[in-house]
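Visitor: Structure provided below as C-alpha cells; questions to follow.
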Amino acid sequence: MIKVENLVVKYGQATALDGISLHVEAGEMVALVGANGAGKSTLADTLSGILKPFSGTVQSTKMAHVPEGRQLFGTLSVDDNLKLGAWKGQDRDTDRIYEMLPELQRVRKQQGRTLSGGQQQMVAVGRALMSQPEVLVIDELSLGLAPRIVSILVENLAELNRDHGLGVLLVEQNAHIAFSLCHRAYVLELGRITHEGKSEDLAVSPHIARAYLGELSELGSED
Ligand code: ATP
C-alpha cells in the first residue's frame, strides 16, 4: 500500500526528514507518532506529492490524504466539498460516502464554515474517500477536537477498516489515540524514526510512556 525507503526531505538547507523507512500493508492501520516539529506533516505532504523527496523512494497505491486542518471550502456545501475529492472523470456520487459516514447525511446541504470541528474533520475524511482510495493518510485527526468527538471519528475509521478493508496511516501527535486505533506504530523524533513496533509494546516502553503518554517518571522529578 505504502512503502517509503530511506526518505530524505529538505527545506532549503534544513533536513526535515532524515532517512525514513516505513510501510503500510493492505488493510493495515498504522500510526506515525511525533511531537510538534518532528516532521509529521512533511511526511504526509511528501506521500501525497505536495513535497518532493531530496532522496529515497515513496511508493503507494490508491492513496488519499486528509490534510492537517481539514481545509474545506467554507462557503461550499458539505455535498460540494465531498465532490471535490473525486478525481476528474471519476464518479461524483456522494451517496456512498453518506452510507459510510451516516452522520454527514443530516448536514449535507450545510456550508462548510457552519460545521463543528468534528463534523469538518468527518467531511475531510469523506472527501478523501471520494477518490476510492485503498489507504488514507490522515494528518492530525485529533487536532483541536474534544476527546468525545475524536472517539467518534476513531470509531468511524475502525468501521471503515473492518467493513471496507481501508488501510490507514494515522499521523498523530496524540499517542493515546494512535495506539488505541492502530496495532502498529512508528515514532518520529526530529526527522528520524526512533522506535517502531506493536502499539501495545511501544505503550509500555518507559521513554514513550514518559514522552508521549504523559506519564510521570518513576523518580517523580519535578522538572
Ligand atoms: P506539527 O505537529 O507542529 O505540525 P510536524 O511534526 O508536522 O509538526 P513539520 O511541520 O513536518 O512537523 O516540520 C518539520 C520540521 O521542518 C520543523 O523543524 C519545521 O520547522 C520545518 N519546516 C516545516 N515546514 C517548513 C518550511 N516550509 N520551510 C522551512 N522549514 C519548514
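Visitor: Failed condition for Y98, given (1) within 16 Å of the ligand (Cβ to nearest atom); (2) among the aromatic types (F, W, Y); (3) open to solvent by less than 50 Å² (accessible area, probe 1.4 Å), with all others met?
Guide: It fails just one condition, (1).
Visitor: Counting just the residues of segment 66-79 that are open to solvent by 20 Å² or more (accessible area, probe 1.4 Å) and among the hydrophobic types (A, V, I, L, M, F, W, C), which one comes out modelled with the highest pLDDT?
Guide: L76
Visitor: If you don't mind, another one. Exactly one of these conditions fails for Q110: (1) touching a Phe, Trp or Tyr at 6+ places or on another chain (Cβ under 6 Å); (2) at pLDDT 95 or above. Give me its number.
Guide: Of everything listed in (1) touching a Phe, Trp or Tyr at 6+ places or on another chain (Cβ under 6 Å); (2) at pLDDT 95 or above, Q110 misses just condition (1).
Visitor: Let me ask something else. For residues in segment 8-49 being in a helix (DSSP H, G or I) and not hydroxyl-bearing (S, T, Y), which is surrounded by the most Cβ atoms within 10 Å (Cβ to Cβ)?
Guide: Checking each candidate, the answer is L43.
Visitor: Here is a follow-up. For segment 87-102, which residues satisfy the criterion of being assigned to a loop (DSSP other than H, G, I, E, B) and farther than 30 Å from I20 by Cα?
Guide: Residues satisfying the conditions are K88, G89, Q90, D91, R92, D93, T94, L101.
Visitor: Now a separate question. Please go through segment 161-175 and pick out each residue that is in a helix (DSSP H, G or I), of a type outside the set (D, E) and more than 14 Å from the chain's Cα centre (by Cα).
Guide: If the condition is that a residue be in a helix (DSSP H, G or I), of a type outside the set (D, E) and more than 14 Å from the chain's Cα centre (by Cα), then R162, H164 are the ones that fit.
Visitor: Shifting gears a bit: Go through segment 1-36 and give me each residue that's within 11 Å of the ligand (Cβ to nearest atom), free of Cβ contacts under 8 Å to residues at least 40 places away in the same chain and either on the phi < 0 side of the Ramachandran plot or touching a strand residue (DSSP E or B) at 6+ places or on another chain (Cβ under 9 Å) (or both). Please lay out each step first, then the result.
Guide: To start, the set of residues in segment 1-36 that are within 11 Å of the ligand (Cβ to nearest atom) comprises 9-18, 32-36.
Remaining after also requiring free of Cβ contacts under 8 Å to residues at least 40 places away in the same chain: 11-14.
Hits for segment 1-36 are Y11, Q13, A14.
Visitor: Among the residues of segment 80-95, which ones are of a type outside the set (F, W, Y) and open to solvent by 50 Å² or more (accessible area, probe 1.4 Å)?
Guide: D80, K83, L84, K88, G89, Q90, D91, R92, D93, D95 - these are the residues of segment 80-95 that are of a type outside the set (F, W, Y) and open to solvent by 50 Å² or more (accessible area, probe 1.4 Å).
Visitor: Restricting to segment 135-158, name every residue that is farther than 20 Å from P102 by Cβ, within 16 Å of the ligand (Cβ to nearest atom) and surrounded by 20 or more Cβ atoms within 10 Å (Cβ to Cβ).
Guide: V137, D139, E140, S142
Visitor: Another question, if that's okay. Could you list, in sequence order, all residues of segment 125-160 that are assigned to a helix (DSSP H, G or I) and among the charged types (D, E, K, R)? Show your work before the answer.
Guide: Initially, segment 125-160 is screened for residues assigned to a helix (DSSP H, G or I), giving 125-129, 147-160.
Passing the criteria: R127, R148, E155, E159.
Visitor: For segment 159-206, enumerate the residues that are closer than 19 Å to V137 by Cβ, more than 16 Å from the ligand (Cβ to nearest atom), crowded, with 17+ Cβ neighbours inside 10 Å and not small (G, A, S).
Guide: Matches in segment 159-206: L160, N161, L166, V168, F179, L181, C182, R184.
Visitor: Output the residue which, of all residues in segment 50-69 that are in a strand (DSSP E or B) and more than 11 Å from V8 (Cα to Cα), is farthest from the ligand (Cβ to nearest atom).
Guide: In this case the residue turns out to be Q59.
The values are calculated or read from the model by the stated rules, or taken from the named source; none is laboratory data. Please read all numbers here as calculations on a predicted model, not as lab measurements. Reconstructed Cβ throughout: ideal geometry from the backbone, glycine too, with neighbour counts over all protein chains shown. These accessible areas exclude ligands, DNA and RNA; they are computed on the full protein's heavy atoms, side chains included. Shrake-Rupley method; radii C 1.70, N 1.55, O 1.52, S 1.80 Å.
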